[in-house]
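Colleague: Provided herewith is a single structure, encoded as structure tokens, for subsequent inquiry.
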Amino acid sequence: MTKVTMTVNGKSVSGEVEGRTLLVDFLRDAQRLTGTHVGCDTSQCGACTVHVDGLQVKSCTMFALEADGATVTTIEGMGNADGTMSALQASFQEHHGLQCGFCTPGMIMAASSLLKVNPKPTEAEIRHHLEGNICRCTGYHNIVKAIMAASGQDVSAIAAE
Amino acid sequence: MYAFDVTRPKTVAEAVAALSGDEAQALGGGQTLIPTLKQRLAAPATLVSLSAIDEMKGVCADGGTLTIGGGTTHATVAAEASAYPALAALAANIGDPAVRSRGTIGGSLANNDPSACYPSAALASGATIVTNNREIAADDYFQGLFTTALNEGEIITAVKFPVPEKANYQKFVQPASRFSLVGVFVAKYADGVRVAVTGASENGVFRWKEAEAALSANFSADAVEGLTASADGLINDLHGDAEYRAHLIKVMTKRAVAAAK
């Protein structure tokens, strides 16, 4: 076992991990941050998406040891400081961007990472960016709509489907 | 996964020393290796993570050559390889954004997946693969399915790309995996055109020499119109049979030539 220390959602945390301990297991089991989901565990679905040093990664495809010293943000760190939802999260609620909700943490993490570099993405850009995030309810349409709305764009032209 | 240790050396020299240990294996971005470990298709005793080696990261353009550190992620290449726009565009479309945050050029070339994007760019550009102890020409480097000229414990520290006059990469995506069903990289240099095909052959990336000759004489999509890529030795699977892939090679080549800049 090796000791790792990282900053998770602004807080410094440490723990003993094996070489094979995945970042997602460290977050869920050791830190009890169960908002990060394991959907497929095969690096396909993106439900486990978190930010490591500001970059979106699949936490099921990175070892906890590789995040030693890094700054990690999970879905639990995405709300406003006063505990209310961020504009992006509120937009998912407003536009019915989730059905079962399983993929939602990953969708929010992926979308926020897109909006950081591209504040007003087109529908095509959003869909391209979400290629690594799979929604098992096939609710992509409203997810795209929620992201466009959160970026301050008019979504009235996007028909409800 | 079976149990293993992970070490994180800070220099190439430390990594090479660590890789000389029993059952040690290099870990790049892990976007292929970690899923492989989960399936217990690999069982190293030690994984030597290359992600903390700063001297293996970065993109540098100098006198017509673009040098990319072996540990440079696809996202960084996409953002910083502006001296070679076709290569930056290729990197920007590998996998998905999370894969591009972790996956590295050295890892991709060392793995030499027959459907990976980077091997086509390296081969079409006549790139030089730089390792911890030698330089290998791309024409000698790719040796078949998941097979390269790398020796045990050898690390790709950098890749040197001669910047072409014009180039383009066209990928026909296999929609489930996002790997190329067929991908074609066309690069035009002063001394001729090189065309490399990925995704199609059971032997991994290869050059389509008939198209190279035709395009070197006349760099236009029409130049390959009369050619037929051979279906011999092409991958035949549920995503597409060999004849279909052969057809796609020509279509992707024409598109790449038309889009080259």
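Colleague: Could you count how many residues in segment B:57-102 are within 17 Å of the chain's Cα centre (by Cα), closer than 28 Å to A:Cys48 by Cα and of a type in the set (A, V, I, L, M, F, W, C)?
Modeller: Adding up the residues that qualify gives 10.
Colleague: When only residues in segment A:112-141 that are among the hydrophobic types (A, V, I, L, M, F, W, C) and outside any helix (DSSP H, G or I) count, which is surrounded by the fewest Cβ atoms within 10 Å (Cβ to Cβ)?
Modeller: So the residue we want is A:Cys137.
Colleague: May I pose another question? Exactly one of (1) modelled with pLDDT of 95 or more; (2) on the phi > 0 side of the Ramachandran plot is unmet by B:Leu90. Its number?
Modeller: (2)
Colleague: Specify which of the listed residues (B:Leu33, B:Leu41) is surrounded by 18 or more Cβ atoms within 10 Å (Cβ to Cβ) and aliphatic (A, V, I, L, M).
Modeller: Sole residue among the options that is surrounded by 18 or more Cβ atoms within 10 Å (Cβ to Cβ) and aliphatic (A, V, I, L, M): B:Leu33.
Colleague: Separate question: Of all the strands (runs of 3 or more DSSP E) wholly in segment B:1-52, which have at least 1 residues that are modelled with pLDDT of 95 or more and more than 9 Å from every other protein chain (Cβ to nearest Cβ)?
Modeller: Because the criterion is at least 1 residues that are modelled with pLDDT of 95 or more and more than 9 Å from every other protein chain (Cβ to nearest Cβ), the strands (runs of 3 or more DSSP E) in segment B:1-52 that meet it are B:24-27, B:46-49.
Colleague: Return only the number of the condition from (1) modelled with pLDDT of 95 or more; (2) more than 13 Å from the chain's Cα centre (by Cα); (3) part of a helix (DSSP H, G or I) that A:Ile108 does not satisfy.
Modeller: (2)
Colleague: Given segment B:55-149, what strands (runs of 3 or more DSSP E) lie entirely inside it while holding 2 or more residues that are within 14 Å of chain A (Cβ to nearest Cβ) and free of Cβ contacts under 8 Å to residues at least 12 places away in the same chain?
Modeller: none
Colleague: Condition first: open to solvent by less than 70 Å² (accessible area, probe 1.4 Å) and under 24 Å from B:Val163 (Cα atoms). Now tell me which residues in segment B:44-60 satisfy that.
Modeller: Scanning segment B:44-60 gives B:Met56, B:Gly58, B:Val59.
The values are calculated or read from the model by the stated rules, or taken from the named source; none is laboratory data. Note that the structure is predicted; figures quoted are calculated from it, not measured. Using ideal geometry, Cβ is built from the backbone for each residue, glycine included, and neighbour counts are taken over all protein chains shown. Accessible surface is based on the protein model in full, side chains and every heavy atom, while ligands, DNA and RNA are left aside. Shrake-Rupley method; radii C 1.70, N 1.55, O 1.52, S 1.80 Å.
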